[in-house]
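Take a look at the structure set out below.
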Amino acid sequence: MPASRSRTERWRDCLHQVYERGGGLELSFARDDGDAGSDLVWRVRLLALGEDDLTVEAPNALGKSMRIEPGTAFIAAMAIGQNRWMFRTSVVSIDHMRLGRGAMEQSVLRLEMPDHVERCSRRSFYRMSTAQLRLPRVECWPLRDPATAIAPEIANRTLILDLQNQDVTGIRVGDRAAAPAMLPEVGPGFTASLVNVGGGGAGLIVDRQDAPALECVRTLWIRIDLRPDIPAPIAMTARCVHTHIDSGQNTYAGLAFDFGFNPGHREFVVSQISRYVQSISQRAVPGKKAA
């Protein structure tokens, strides 16, 4: 039996291996095929395994727990080395657990154990026969002076809130949404794909031709495109804290969001990710539509 087929048929052993190593899964809300937009992917720790369920950390935004309802459908993935498997699951219940000695209780998700998993090919690392993740596009610029990002962050917040208010009131913002966005003092830009988000940062896949930009400046100005759920890309400052080369010879960059020059921008970013989660999760509960 080929090794890849053997591993797929023994996926429960692979899942147990992830658990024993203190590893995690990747979670993204399951969408209908006709649902437009991009898929945020959360990297969450695998906390417990049962016969019929598995328990993981609840996705959060910069440390703030997201509201997720029982029945919410997810696409989950596990990776061991350069092998990756995906499967569908749903939330059985939202429980609470202490995730460390002396730690406060935190929300955790008890997920349905899948009947089977599907191995992903390296050419389609985020796709299986019944689902495909559409990773958000991220515009990136090396940030030469972080202090110059304050005004563009304020402008970005104002634009997004005005566009959201326009949806509620019907009062048009005008041509500002189509105008070039304000930039801080930056170098030449490049694009990347957002492959996961965590408690205080994100992971990007950067094409090999753009990777040298990460060696020159470690602080980036980024814009994450979550349209149409968020009406304009969310802009913020981030520091590149580590990189490595993936199997496709692209660079994975681990970023930490940085609000040192504009602490108030943190709450705005949290509120927008929460808004995204609320919008998507309502559509990820079978039989329930967003208001």
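Observations on the structure shown:
- For the chain, the dipole from Cβ point charges (+1 on Lys and Arg, -1 on Asp and Glu) about the Cα centre works out to 240 debye, to the nearest 20.
- In summary, the stretch 3-132 shows an alpha-carbon radius of gyration equal to 1.05 times the 2.2 N^0.38 Å reference for compact globular proteins.
- Neighbour-count order for Trp221, Trp85, fewest beta carbons within 10 angstrom listed first: Trp85, Trp221
- Loop sites in the stretch 78-143: trypsin sites (Lys or Arg not before Pro), DSSP, at most 13 other Cβ within 10 Å: Arg101
- Ascending count of other beta-carbon atoms within 10 Å, so fewest first, for Met128, Met182: Met182, Met128
- For the chain, the longest principal axis of the Cα atoms and the long axis of helix 264-283 meet at an angle of about 50 degrees.
- Taking amide H atoms as placed 1.01 Å from N in the peptide plane, the amide H of Leu135 lies under 5 Å from those of Asp39, each 5 or more residues away in sequence or on another chain.
- Only Cα pairs under 8 Å and 6+ residues apart enter the sum, and on that basis the relative contact order of the chain stands at 19 percent.
- Using a Förster distance of 30 Å, the FRET efficiency for Arg218-Thr191 (Cβ separation, nearest 0.05): 0.95
- Extreme residue, positive dipole direction of the chain, given options Gln209, Val56, Val92 (C-beta unit charges): Gln209
- Theoretical ellipticity at 222 nm over the chain - DSSP helices of four or more residues, -39500 (n - 2.57) apiece, nearest 500: -6500 deg cm²/dmol
- The alpha-carbon atoms of the stretch 137-258, seen along their principal axes, cover 48, 28, 26 angstrom, with the largest extent given first.
- Compared with the direct C-alpha span, the chain from Asp167 to Ser271 gains 35.8 nm at full extension, assuming 0.36 nm per residue.
- The stretch 39-195 has equivalent-ellipsoid semi-axes of 36, 21, 18 Å, by the square roots of 5 times the alpha carbon gyration tensor eigenvalues, sorted largest first.
- Helix 150-169 and the longest principal axis of the Cα set of the chain meet at an angle near 80°.
Since every read-out is calculated from the coordinates, none of them should be taken as a lab result. Predicted, not measured: the structure shown is a model, and the values here were computed from it. Note that each Cβ is placed from the backbone with ideal geometry, even for glycine, and that neighbours are counted across all protein chains shown.
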